[in-house]
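Reading through the structure tokens given below for one structure.
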Amino acid sequence: MTDIRNITKTGISRRRALAGLGAGASLVAMPWIARAADDIIRIGFPTPLTGPFAAEAKDQVKSAELAVKQFNDKGGINGRKIELLVRDDKLNGGEAATRTLELIEKDKVHAVVGSLSSAVQLAVNEVTRARGIIYVSISQSDTINEVKDFSKYTFHEALNPHMTAGAVARHSFKKGSKVAHLVADYAYGHEMLRGFKRAQAEIGAETVGEILHPFGAADYSTFMPRLRSMRPDFLCISNFGRDQANSIKQAVDFGLKQQAKIVVPVILHNQRLAVGPEVFEGVVGGANYYWGLESQLPSAKAFNDAYRAANGGAIPTDYGAYGYTGLSSLLMAMQVAGGTDTDKVIAALEALKYDVAKGPQSYRKCDHQSVQSVLVLESLKKADMKNDADLFKVVANEAASEKVLRSCTELGFPA
Amino acid sequence: MDTELILMQLFSGVALGAILVLTALGLSIIFGMLGVVNFAHGALFMVGAYAGLWVASLTGSFWWGLLVAPVMIGLFGMLIEYFLIRPLYGRSIDDPLLLTFGLSYVLVEGVRIVFGTDGIPFPTPSALTGVLDLGVGFFPIYRIFVVGVVFVVVLLLWLGLEKTRFGLIVRAGARDPTMMRVLGVDISKVWLLVFGLGVGLASLGGVLSGPMRSVNPEMGSLVLAEAFVVTVIGGLGSLLGSIIAGLAVGIVISMTALFAPEMATIVMFALMALVLLIRPQGLFGKLA
């Protein structure tokens with residue numbers, strides 16, 4: 001493996017040297033190993049195209065393709081075209097690890113972006129860490145920042161549970177609020193619950209009960225009587241994809257919305273579309289992106305317009321935007337580094353300041369978490385929607401700040 | 001833990017059980033009468049939900065969707081029996097099983113192509129929205145309606161099978177098709193109708209589930225597993241078994257949800273394993 005990467009590196013350097021007209025004569029020493037394939041920068045993109053997160057995954061691919069197209073239209077990176085290799089990880093850690101390994105070994109990708117599940121991305125991370133390949137993760141996770149799972153090759157573009165759950169809690173809960181938790185029983189749910197409880201402790205909001213539900217459950221009716229009996233002010237539902245749609249829908253059917261305000265750590269554009277405005281009305285949740293930002297942010301406007309042009313007028317969604325911001329940051333860093341040299345790209349990513357869709361972003365040096373704004377959205381009543389895509393009201397936009405993150409020392413990094 | 005909550009949980013369990021009975025009935029009938037393990041059951045459930053949604057959006061009424069879609073998909077089921085299953089009678093039980101397994105992929109992929117991979121909203125009919133105060137707690141009116149529909153369907157099925165001449169032929173045909181042929185009964189026509197009925201029931205389940213769960217191409221996969229568990233616990237081919245097992249599974253899931261919610265899905269499989277250990281033929285199944 002290392003041999004091939006060295007060959008690639010030499011190949012790029014040779015091209016650069018030629019382009020720069022003879023500055024590095026010594027690097028031209030090995031012209032025979034340059035191959036046509038080395039002209040293309042390949043980015044692997046594992047994502048769950050099938051299964052309960054399919055809608056979000058599909059949007060990620062569209063956004064990622066847009067970022068690639070924009071760079072290719074501008075002449076690629078140092079004249080090298082970029083190719084996106086999308087693979088279905090089926091929302092399964094084993095499948096994701098196999099696909100990632102295949103992308104690295106067989107397709108010889110230069111970096112990996114993608115995956116959409118806190119558990120599956122850790123599987124991808126294991127592989128990229130062991131192989132020394134840059135991985136830009138675009139799905140929420142807390143552990144990926146922590147020392148145990150940290151890899152110098154990994155950059156976490158997605159928000160993490162402490163950021164979203166924290167923002168939602170700060171803008172919803174009051175001192176003395178009673179909060180009931182319905183949580184998906186896997187990494188994502190557990191991490192979100194942890195994020196909420198940490199914020200609750202600061203605010204002084206009380207947890208009146210927590211129920212863990214099996215991942216991918218279709219029926220939530222049997223959890224409802226107990227949630228009702230907790231008499232909460234807030235019902236906090238920490239799950240993802242179709243689980244979010246089903247559980248909110250059934251909580252509403254059981255009349256829980258009359259009793260409590262429903263909040264979620266991440267409110268999903270596609271799930272709101274899947275169950276309709278009546279069900280989601282008044283539900284509050286965090287988000288990394290909302291297309292409605294375009295009225296305030298020029299970068300959001302530019303991203304939306306490009307996305308609309310490429311996708312027949314469709315607008316980008318929250319998780320879709322991760323595909324764009326994640327891939328753009330990587331490609332910008334490659335541009336700075338002048339190619340795919342891993343160490344140079346890592347250094348460039350660490351120093352990068354980017355604003356491609358949602359305001360200023362940068363990767364924190366210690367854990368490679370993208371410091372960025374967090375939105376708190378509220379789902380609109382049908383009567384208040386100006387058009388079919390007008391789903392949410394932005395109730396808060398927390399500016400990018402390291403303060404909302406756990407400190408480097410808390411994560412276990414040397415001070 | 002107060003009595004009110006336990007009573008409420010018991011009721012939720014019965015209501016969930018009724019939904020499970022509905023999803024298992026079609027599977028149970030087709031296996032009991034035809035000996036065909038219909039692996040496309042979940043996919044047909046899903047197709048039924050989409051058909052119901054489609055008819056409802058064309059006519060503007062949920063009720064038309066509820067009435068027309070099961071008939072439509074039931075007829076589609078008869079086409080499946082006539083053209084795909086029929087050539088496989090007399091072969092091993094695996095052949096129709098593999099065929100329907102493949103068919104389920106075709107149906108799911110077909111729906112993905114026509115309706116997209118995202119979920120589609122299926123609003124609760126306005127007459128049935130809201131909750132009802134049961135004295136011990138609140139329960140959605142729509143779910144109570146579904147329990148009522150299941151009760152009526154089960155009653156009609158029982159009357160049809162036990163009290164009519166057609167039912168007599170069906171039951172006799174399940175026991176000894178050769179003898180029925182000797183007696184001059186066109187048994188293949190009976191099988192055609194029974195398969196259509198089973199598929200119609202699956203799609204009725206799909207339409208009724210629409211307003212409770214989100215409608216998406218993969219909604220049938222979990223249903224298939226649930227229907228199998230219920231049928232196996234009840235005894236393959238036993239109608240009464242499916243009904244009792246469905247209610248029992250619903251109650252067990254609900255009680256588990258109260259004490260160990262994260263186990264609510266797995267408990268159903270644990271129950272199946274237990275029944276298989278003690279009574280391999282299921283609660284009401286006959287030993288082969």
Cα-based convex hull volume of segment B:1-141 per residue, rounded to whole Å³: 153
With at most 15 other Cβ atoms within 10 Å, longest stretch of chain B clear of loop trypsin sites (Lys or Arg not before Pro) (DSSP): B:92-285
Debye intensity ratio in log₁₀ form over the Cα atoms of chain A, taken at each q of 0.07 Å⁻¹: -0.33
222 nm mean residue ellipticity, helices alone, for chain A (DSSP H n ≥ 4; -39,500 (n - 2.57); rounded to 500): -13000 deg cm²/dmol
Degrees, to the nearest 10: B:94-115 long Cα axis against longest axis of chain B: 50
Separation between Cα centres of segment B:124-179 and segment A:110-150, rounded to whole Å: 50
Relative contact order of chain A, pairs being alpha-carbon contacts under 8 Å that are 6 or more residues apart, as %: 16
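With the contact rule set at Cα under 8 Å and sequence spacing of 6 or more, what percent relative contact order holds for chain B?
Answer for chain B is 38 percent.
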Overall form of the protein assembly as shown per C-alpha gyration tensor (a/c, 1.5; a/b vs b/c): prolate
Shape of segment A:177-239, Cα gyration tensor, a/c cut at 1.5: oblate
Under-5 Å amide H pairs with A:Leu212, H placed in peptide plane, nonlocal only: A:Val183, B:Glu262
Centroid-to-centroid separation of segment A:157-172 and segment B:45-71 [C-alpha atoms, Å]: 40
A:Leu235, B:Leu271 arranged by Cβ crowding within 10 Å, fewest neighbours leading: B:Leu271, A:Leu235
Amide H contacts of A:Thr154 (H built 1.01 Å from N, under 5 Å, at least 5 apart or other chain): A:Tyr135
5 angstrom amide H check on B:Phe284, placed H, neighbours 5+ away: B:Gly235
Table column - 3J(HN,Hα) (Hz), segment B:20-36, Karplus curve with 6.51, -1.76, 1.60, x for Gly and Pro: 5, 4, 4, 6, 8, 3, x, 4, 5, 5, 5, 5, x, 8, 9, x, 9
Cα long-axis angle, helix B:219-234 against chain B (0 to 90 degrees, to the nearest 10): 70
Residue exposure sequence - A:Asp73, A:Asp39, A:Asp253 - by fewest surrounding Cβ within 10 Å: A:Asp73, A:Asp39, A:Asp253
Vicinal HN-Hα couplings computed from phi for segment B:59-71 (Karplus, 6.51 cos²θ - 1.76 cosθ + 1.60; Hz; Gly/Pro x): 8, x, 9, 4, 5, 5, x, 5, 7, 7, 4, x, 5
For B:Phe259, B:Phe195, order by how many other beta-carbon atoms lie within 10 Å, fewest first: B:Phe259, B:Phe195
Subset of A:Lys197/A:Lys261; A:Lys344/A:Lys365; A:Lys353/A:Lys403; A:Lys62/A:Lys365 violating a 24 Å alpha-carbon distance limit: A:Lys62/A:Lys365
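For chain A, give the magnitude of the charge dipole about the Cα centre (Cβ charges: +1 Lys/Arg, -1 Asp/Glu; no others), in debye to the nearest 20.
480
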Share, in percent, of DSSP beta bridges within chain A that are antiparallel, nearest 5: 30
Cβ charges +1 (Lys, Arg) and -1 (Asp, Glu), total dipole of chain B, debye: 860
Among A:Ala55, B:Gln9, A:Thr207 - extreme Cα towards positive end, dipole of the protein assembly as shown, charges at beta-carbon: A:Ala55
Crossing angle, helix A:187-203 versus chain A [Cα axis fit, 0-90 degrees, rounded to tens]: 60
For the protein assembly as shown, share of DSSP beta bridges that run antiparallel, in % to the nearest 5: 35
Unpaired by the 4.7 Å Cβ criterion, cysteines found in chain A: A:Cys236
3J(HN,Hα) from dihedral phi, segment A:143-153, Karplus parametrisation 6.51/-1.76/1.60, rounded to Hz, x for glycine, proline: 5, 5, 7, 7, 3, 4, 9, 5, 9, 5, 8
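Just so you know, all these numbers are worked out from the coordinates, no wet-lab data involved. Computed from a predicted structure; not experimentally measured. Cβ sites come from the backbone with ideal geometry, for glycine too, and all protein chains shown count toward neighbours.
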